[in-house]
Amino acid sequence: MTWARNKNPEQTIELKKAYVNIANKTGGYIAPVGLAFQKSIVQHPEINLYHSDQKHPSLEGTYLAASVLFSTLYNQFPLGGATPTDTDMSNETAKKLQNIA
C-alpha cells in the first residue's frame with residue numbers, strides 16, 4: 001500500500017480501500033506502508049518522509065517503507081535493525097520509524 005502525497009493526506013483513505021479491495025479479490029497481502037506514513041506524520045511530525053517533490057519518499061520515508069515491508073514479509077518486528085550507513089539519519093530516528101512499522 002503506497003503513501004499519499006504530502007499535500008493530499010486524505011488520499012490515504014482511498015488508497016487503503018483500493019489496496020484492501022484488490023487483496024481481498026486476489027488473496028494477496030498488504031504491506032501497509034501508507035498507513036505507516038500516516039501514523040508517523042501524526043506521531044513524529046519532525047521526521048520528513050518526503051523528497052522535495054512532495055511525492056516520493058525521502059531517506060526516512062524509504063527506511064519506513066522498507067521496515068514495513070520487512071515486517072510484513074517476515075512477520076517480525078524490525079526493532080533493532082541497522083541504521084543506514086553513510087547517511088545523516090540518527091539512531092533515534094531509525095528507532096522511531098522501526099516502532100511505527
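Derivation of every value follows stated rules applied to the coordinates shown; laboratory data play no part. Keep in mind that this is a model prediction, so the values were computed, not measured. Reconstructed Cβ throughout: ideal geometry from the backbone, glycine too, with neighbour counts over all protein chains shown.
Which option, [x] 0.97; [y] 1.03; [z] 1.07, is the value of Rg/Rh (Cα atoms, Kirkwood Rh) that was calculated from these coordinates?
Of the listed options [x] 0.97; [y] 1.03; [z] 1.07, [x] comes from this structure.
Build a GNM of the chain with springs between Cα atoms under 10 Å: which of LYS17, LYS55, LYS25 gets the top mean-square fluctuation?
LYS25
Taking the alpha-carbon distance from LYS55 and a cut-off under 21 Å, which lysines remain once sequence neighbours fewer than 8 residues away in the same chain are dropped?
LYS7, LYS16, LYS17, LYS39
Taking springs between alpha-carbon atoms closer than 10 angstrom, which of VAL20, VAL68, VAL33 fluctuates most in the Gaussian network model of the chain?
Comparing VAL20, VAL68, VAL33 in the GNM, the peak value goes to VAL20.
Loop only per DSSP, at most 10 neighbouring Cβ atoms within 10 Å: give me the GluC sites (Glu not before Pro) in region 1-82, ordered by residue number.
GLU10, GLU46
Most exposed first by the Cβ proxy, i.e. fewest other Cβ within 10 Å, how do THR72, THR26 rank?
THR26, THR72
Find how much the distance from ARG5 to SER90 grows on full extension, using 0.36 nm per residue of separation minus their present alpha carbon separation; answer in nm with one decimal.
Length gained, ARG5 through SER90: 28.2 nm.
Between THR2 and residues 5 or more places away or on another chain, which pairs have amide H atoms under 5 Å apart, with H built 1.01 Å from N, and which residues are they?
GLY34
Near the amide H of TYR50, under 5 Å away, which other amide H atoms are found, from residues 5 or more places off or on another chain, if H is placed in the peptide plane?
It is SER58, by chain and number.
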